[in-house]
Amino acid sequence: MTNSDPWVPLALDETVLLFAGAPFRWWISGGIALELSTGQSWRAHEDLDVGVIRTEAPLAHHWLRRWDLHIASAGRLAPWDGRPLLAERHENNVWARRGSTAPWSLDITVGDGDEDCWAYRRDPTVWLPWSEAVRRSRSGIPYLAPHLQLLFKSKDARPKDRLDAER
């Protein structure tokens, strides 16, 4: 298994069904979150990002217990056994696939905050109440507010991040 194993992102509707009824806070993040906020699509996506709060990540592990889950940190992948994910180790992403030979389907992005507020991982003095940080699409899908998603994309912006910001 390598970081170069293929990605075939789970469809948005499948993702919503997968997380329906989950006992933890979750939201769509990444470029698809921006599309949910505008109601328009302008580019292809090589992955699908689902955010969870760091303190609830072990619940997400249990929810996805039938999936093959790996912590993606420092350019390496390591199997995730459900232990708490540590910010100081930069354990901010978990890659998920249906089995060990399947393509990667989800990038679980680990967010920070507490029960009441979302916090920006790169500067914890930046925070918002969850009701402002996570919005809902017309069909009820939770997604990270566009200004917060663009804040994440502003560091080391790639061409697709600049396109997203322009849109």
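Since every read-out is calculated from the coordinates, none of them should be taken as a lab result. It should be emphasised that the depicted structure is a prediction, and the values quoted were computed from it without experimental measurement. With ideal geometry, Cβ positions are generated from the backbone for all residues, glycine too; neighbour counts draw on all protein chains shown.
Could you say whether any residue in the stretch 8-23 is closer than 22 Å to Pro124 by Cα, in contact (Cβ under 8 Å) with a residue 12 or more places away in the chain and in contact with a strand residue (DSSP E or B) (Cβ under 8 Å, 6 or more places away or on another chain)? Among the residues of the stretch 8-23, not one is closer than 22 Å to Pro124 by Cα, in contact (Cβ under 8 Å) with a residue 12 or more places away in the chain and in contact with a strand residue (DSSP E or B) (Cβ under 8 Å, 6 or more places away or on another chain), which makes the answer no. Residue check: Trp118 meets all listed conditions (1) under 20 Å from Leu36 (Cβ atoms); (2) assigned to a loop (DSSP other than H, G, I, E, B); (3) hydrophobic (A, V, I, L, M, F, W, C) but one, namely (2). Which residues, taken from the stretch 103-156, are more than 16 Å from the chain's Cα centre (by Cα) and either of a type in the set (Lys, Arg) or under 19 Å from Ala22 (Cβ atoms) (or both)? The answer is Asp114, Glu115, Ser131, Ser137, Arg138, Ser139, Gly140, Lys155.
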